[in-house]
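The values are calculated or read from the model by the stated rules, or taken from the named source; none is laboratory data. All of these numbers come straight from a predicted model, not from anything done at the bench. A quick note on method: Cβ atoms are made from the backbone with ideal geometry, for glycine too, and the neighbour counts reach across all protein chains shown.
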């Protein structure tokens, strides 16, 4: 129990060998399509050299606006052996080794002899102000983010600009009973949502969004950064009973593309503020995951039903219910999800429609809850997590408890 690493390693073996196909890449001018490995690697090398060697100038006015922290002279001292050992102890075990093929367990369990040798090497680098070339080399792996043309590339992260109404009436989050109740409500203005390298600007009106976008572009320019106009899109969610009109947002006189839906953090956000597109995508991906394991798992006579159900929970259900903690579902959505849930379970249990087995009996045989119960459980778990957050956290501030 709890050995997820072994479970997913076994699951990877069940999926079978993956066929790694190198995707073609466009040349620097975008006219030619490179297909051979040598040309593709040369183009990637050229791209990253231009990206990381680009000298960007940060204006003094931008630096003056940043609050300056007091100087810490202790950071200029040579690192001690105790600090080196403490840093080594923080290595995570059972992780993939680097280009030197040295796993972290060797550094952690190497003992004083290895720790002293590493400390002496770090002190030598500190005093000379140089690092060995092996320390400076790195492996860059390109990951396609399912956005734009796969043969193209952009060095900048996507920016999603959203124009939202001041209220939303679908689902049970804001209903008539909630408005009629004598409770206190808080109004908070959220202008941006940041996660890793993704940024989303949020505004109530087109004019406010244009001002936010212009300020963001001006601030980026002060720090020598650029915004990729190709990967920056605008999504407008009109208020109920209001006709949809695409907004016109510009950056440096260039109008941004307006889109009816956008994938943000793995979830599909639509202009109609409904879950239909997201549910359709979840159903398609879960159905694809289930189909890939049909021959190796579901139709495998040597596997127990309990094992198949565990694989179904880990692969199919996690894909189907990704992000369900924040869903506002209707009966139509639940029916679609339950239909796929029942079809998958009946395939695993080898129950034919002519057997006249009810849906409740199928859930009892599989010892698994219904989709509606799983969604309710995930939302309660998320509500508890938000309730335990610090008061300054944004998810804690937004809900009305």
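Within the bounds of region 288-298, is there any residue that is modelled with pLDDT of 90 or more and at positive phi? Among the residues of region 288-298, not one is modelled with pLDDT of 90 or more and at positive phi, which makes the answer no. Taking helices (runs of 4 or more DSSP H) as the structural unit, those lying wholly within region 249-361 and holding at least 1 residues that are touching a strand residue (DSSP E or B) at 6+ places or on another chain (Cβ under 8 Å) correspond to 276-292.
Of all residues in region 204-244, those satisfying the criterion of being assigned to a helix (DSSP H, G or I), out of contact with any helix residue (DSSP H, G or I) (no Cβ under 7 Å at 6 or more places or on another chain) and under 20 Å from residue 63 (Cα atoms) are 214, 215, 216, 217, 218, 219, 220, 221. Set side by side, the residues 37, 45, 27 differ, and just one is under 17 Å from residue 142 (Cα atoms) and touching a helix residue (DSSP H, G or I) at 6+ places or on another chain (Cβ under 8 Å), which is 27.
Could you tell me whether region 36-50 includes any residue that is in a loop (DSSP other than H, G, I, E, B), surrounded by fewer than 11 Cβ atoms within 10 Å (Cβ to Cβ) and within 29 Å of the chain's Cα centre (by Cα)? No, region 36-50 has no match at all.
Checking each residue of region 186-193 against the condition of being under 22 Å from the mean Cα position of the chain (by Cα), part of a loop (DSSP other than H, G, I, E, B), in contact (Cβ under 8 Å) with a residue 24 or more places away in the chain and over 26 Å from residue 321 (Cα atoms) gives at least one match. Kindly indicate whether any position in region 62-71 is closer than 30 Å to residue 48 by Cα, loosely packed, with under 10 Cβ neighbours inside 10 Å and at pLDDT below 85. Within region 62-71, one or more residues are closer than 30 Å to residue 48 by Cα, loosely packed, with under 10 Cβ neighbours inside 10 Å and at pLDDT below 85. Entry remark, region 301-348: residues being more than 30 Å from residue 270 (Cα to Cα) and within 28 Å of the chain's Cα centre (by Cα) number 4 in total.
The requirement of being more than 18 Å from residue 313 (Cβ to Cβ) and touching a helix residue (DSSP H, G or I) at 6+ places or on another chain (Cβ under 8 Å) is not satisfied by residue 355. Residues in region 366-392 that are without any contact (Cβ under 8 Å) to a residue 24 or more places away in the chain and either loosely packed, with under 11 Cβ neighbours inside 10 Å or farther than 22 Å from residue 195 by Cα (or both): 369, 373, 376, 377, 380, 384, 388, 390, 391, 392.
Can you confirm whether residue 195 is modelled with pLDDT of 50 or more, assigned by TED's automatic domain parsing to the domain that holds residue 244, surrounded by fewer than 13 Cβ atoms within 10 Å (Cβ to Cβ) and touching a strand residue (DSSP E or B) at 6+ places or on another chain (Cβ under 9 Å)? It is true that residue 195 is modelled with pLDDT of 50 or more, assigned by TED's automatic domain parsing to the domain that holds residue 244, surrounded by fewer than 13 Cβ atoms within 10 Å (Cβ to Cβ) and touching a strand residue (DSSP E or B) at 6+ places or on another chain (Cβ under 9 Å). Restricted to region 54-129, the set of helices (runs of 4 or more DSSP H) holding at least 3 residues that are closer than 30 Å to residue 224 by Cβ and free of Cβ contacts under 8 Å to residues at least 24 places away in the same chain comprises 60-65.
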